[in-house]
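**Student:** Let me give you the structure first, and then I'll get to my questions.
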Amino acid sequence: MAPDSALAGLRVLDLSDNVGGQYCARTMADFGADVLLIEGVDGSPVRRAAAWTAARPPAADATLFRHLNTGKRSMTLDWRSPEGMAVLSALAAGSDVVVAGEQAVCRALMAVNPRLVACAITDFGAGPHEDWTGTEMIFQALSGVMLLNGEYPKPPLYGLGARAQYSAGITAYGAILAALFWREKSGRGQFVETAVLDSVAVMNAMVSARYFYNGTYQARLPRSGLVGLFRCSDGWVVVYAARPNDWAGCCAVFELPEHADDPRFVDLADRLKHWPEALELIGTRAATMTCDEVTVAGRQCKLPVSRVMDGPALWADKHLNVRGFWQRARSGDASHPVIAPAFRMSATPRADVVTTAPGLGEEDRQALGSVGLSDQHQTLQANGVMR
């Protein structure tokens with residue numbers, strides 16, 4: 001590892017089995033930390049988290065797992081057994097950070113190493129619901145996010161993706177770095193708690209914070225902004241027409257010169273009143289155009305317009321490629337793309353990515369050797385503690 005990597009020399013144990021924890025630890029690996037992923041004997045559940053489709057059954061290791069665990073090492077260990085906990089404690093004694101999904105193991109390892117920063121990323125955190133298990137849909141519902149998502153007057157809408165988990169992961173990453181900064185001054189580690197629900201709720205200011213401050217909250221209302229979503233011949237585009245001259249831009253982009261002076265749309269107040277009619281006009285014309293035709297013309301007219309990106313469009317996007325969003329790393333005999341971190345650092349950029357996510361248990365012997373337990377490998381295997 002390059003010595004100028006921001007987190008070079010930091011040793012991290014990743015005991016997590018969810019997106020939030022593994023994303024947090026992967027972000028530390030991105031900037032030079034030595035991250036050892038501790039998996040059960042059968043592997044992390046995330047390895048098997050591929051989506052089933054009729055055409056593509058899940059691979060041995062899910063794409064999600066490769067994304068979350070690029071740059072890490074893997075060790076199998078049943079740390080819930082007495083023998084496994086002994087091994088884990090020995091590893092923790094020489095580590096700086098533990099990322100886990102349970103508070104109890106964090107506190108147990110802190111007793112072994114008082115300088116340890118131990119972070120538990122749980123669904124709900126300590127409290128009445130600490131034993132509950134959440135899902136992305138549940139987090140969006142309980143945080144109030146779902147209340148605002150979707151079009152009026154339709155029911156609240158569940159936004160797909162693991163946005164709550166990723167939010168918790170980056171929240172935990174920042175909290176861990178703050179705890180490490182305090183350790184430099186105090187010499188002591190500490191327990192860090194991140195709840196997935198909290199990470200989503202604190203961002204939903206239009207419901208939670210607003211109600212706290214003035215007793216009101218925003219419900220889903222008819223869309224008041226001059227926004228349009230249009231189906232083109234090869235995809236979707238979005239248009240924002242809330243500035244005085246945007247209607248002229250719409251007419252130029254969508255070739256509607258006969259409506260440039262239409263009194264229903266020229267003035268902002270009238271445009272808002274008649275926006276459903278404008279949507280129908282633009283939508284009819286957009287269906288005959290390509291996304292590139294719309295976006296290129298929109299830039300020329302300074303109209304806020306964008307393509308709704310799909311996978312191929314993201315892969316080919318010039319801006320993302322110039323910024324190094326896509327990088328490549330080896331996995332066996334193949335080369336796979338890996339996604340760049342969510343932020344950039346000028347003096348200490350992302351550590352060079354050599355390989356993608358590790359094979360299951362590929363570091364079992366080496367990790368045992370690092371704590372002087374290499375002679376116990378066969379015994380631990382025989383007892384089902386290791387793979």
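The values are calculated or read from the model by the stated rules, or taken from the named source; none is laboratory data. Note that the coordinates shown come from a computational prediction; the quantities given were computed from them, not determined experimentally. Backbone-built Cβ (ideal geometry, glycine too); neighbour counts: all protein chains shown. Remember, those area values only see protein heavy atoms, side chains included, never the ligands or the DNA or RNA. Shrake-Rupley method; radii C 1.70, N 1.55, O 1.52, S 1.80 Å.
**Student:** Just in the range 90-174: which GluC sites (Glu not before Pro) are loop by DSSP and have at most 11 other Cβ atoms within 10 Å?
**Tutor:** Within the range 90-174, the qualifying GluC sites (Glu not before Pro) (loop, at most 11 other Cβ atoms within 10 Å) are Glu151.
**Student:** With the contact rule set at Cα under 8 Å and sequence spacing of 6 or more, what percent relative contact order holds for the range 303-357?
**Tutor:** This gives 27 percent for the range 303-357.
**Student:** Give me the orientation-averaged projected area of the Cα convex hull of the range 305-382, in nm², one decimal.
**Tutor:** The orientation-averaged projected area of the Cα hull of the range 305-382 comes to 9.2 nm².
**Student:** Kindly rank 161-174, 337-350, 229-242 from highest to lowest mean number of other beta carbons found within 10 Å of each residue.
**Tutor:** Going from most to least packed, we get 161-174, 229-242, 337-350.
**Student:** Can you pull the Kirkwood radius for the range 93-220, inverse mean 1/r over Cα pairs, to one decimal in Å?
**Tutor:** Result for the range 93-220 stands at 16.1 Å.
**Student:** In the set (1) 58, 51, 43; (2) 85, 50, 34; (3) 84, 54, 46, which value of Cα extents along the principal axes in Å was calculated from the structure you see?
**Tutor:** Computed from these coordinates, Cα extents along the principal axes in Å corresponds to label (3).
**Student:** For the chain, what does the helix formula give at 222 nm: sum of -39500 (n - 2.57) over DSSP H segments with n ≥ 4, over the residue count, nearest 500 deg cm²/dmol?
**Tutor:** -10500 deg cm²/dmol
**Student:** What whole-number value in Å² describes the accessible area per residue of the chain for a 1.4 Å probe?
**Tutor:** Per residue, the chain has an accessible area of 52 Å².
**Student:** Also, quick follow-up: Given Cα pairs under 8 Å that are at least 6 residues apart, what percent is the relative contact order of the range 274-365?
**Tutor:** Reported as a whole number, the value is 15 percent.
**Student:** So for the chain: antiparallel DSSP bridges make up what percent, rounded to the nearest 5?
**Tutor:** Antiparallel: roughly 40 percent of the beta bridges in the chain.
**Student:** Ignoring ligands, DNA and RNA, please state the percent of accessible area on the range 196-338 from carbon and sulfur, probe 1.4 Å.
**Tutor:** The computed percentage sits at 58.
**Student:** Name the residue, out of Val35, Val305, Val46, whose mean-square fluctuation peaks in a Gaussian network model built on the chain with Cα pairs under 10 Å.
**Tutor:** The residue with the greatest mean-square fluctuation here is Val305.
**Student:** Still on this model: Using label points projected 7 Å from each Cα along Cα→Cβ, tell me how many nm separate Asp317 and Phe191, to one decimal.
**Tutor:** Taking the simple label geometry, Asp317 and Phe191 are separated by 4.1 nm.
**Student:** Still on this structure, I have one more. Just want to confirm a number: the relative contact order over the chain, from Cα pairs under 8 angstrom separated by 6+ residues, in percent.
**Tutor:** 20 percent
**Student:** Lys318: which lysines have alpha carbons under 23 Å from its alpha carbon, excluding same-chain residues fewer than 8 sequence positions away?
**Tutor:** Lys302
**Student:** Can you tell me which of 13-22, 77-86 comes out highest on packing, and rank the rest after it, using the mean Cβ neighbours within 10 Å?
**Tutor:** 13-22, 77-86
**Student:** Now for a separate question. Whole-Hz ³J(HN,Hα) for each residue in the range 309-317, computed from phi via Karplus 6.51 cos²θ - 1.76 cosθ + 1.60 with θ = phi - 60°, x for glycine and proline: what do you get?
**Tutor:** Rounded to whole hertz, the list is 6, 10, x, x, 5, 5, 4, 8, 4.
**Student:** P(r) tail for the range 172-266, what percent of Cα pairs lie past 19 Å?
**Tutor:** Taking all Cα-Cα pairs of the range 172-266, the fraction more than 19 Å apart is 69 percent.
**Student:** What is the spread of the Cα atoms of the range 186-342 along each of their three principal axes, largest first, in whole Å?
**Tutor:** 71, 56, 24
**Student:** Here is a further query. What residues have an amide H closer than 5 Å to that of Val98, excluding those fewer than 5 places away on the same chain, when H is modeled at 1.01 Å from N in the peptide plane?
**Tutor:** The answer is Leu13, Val117, Ala118, Cys119.
**Student:** Output wanted: per-residue J couplings in Hz (rounded whole) for the range 357-362, from phi through Karplus 6.51 cos²θ - 1.76 cosθ + 1.60, θ = phi - 60°, x for Gly and Pro.
**Tutor:** 4, x, x, 4, x, 5
**Student:** Treating the beta-carbon of each Lys and Arg as +1 and of each Asp and Glu as -1, no other charges, what is the dipole magnitude of the range 306-364 about its Cα centre, to the nearest 20 debye?
**Tutor:** Computed about the Cα centre, the dipole is about 500 debye.
**Student:** While we're here: Kirkwood-based Rg over Rh for the range 243-332 (C-alpha set), two decimals?
**Tutor:** Radius of gyration over Kirkwood radius for the range 243-332 works out to 1.16.
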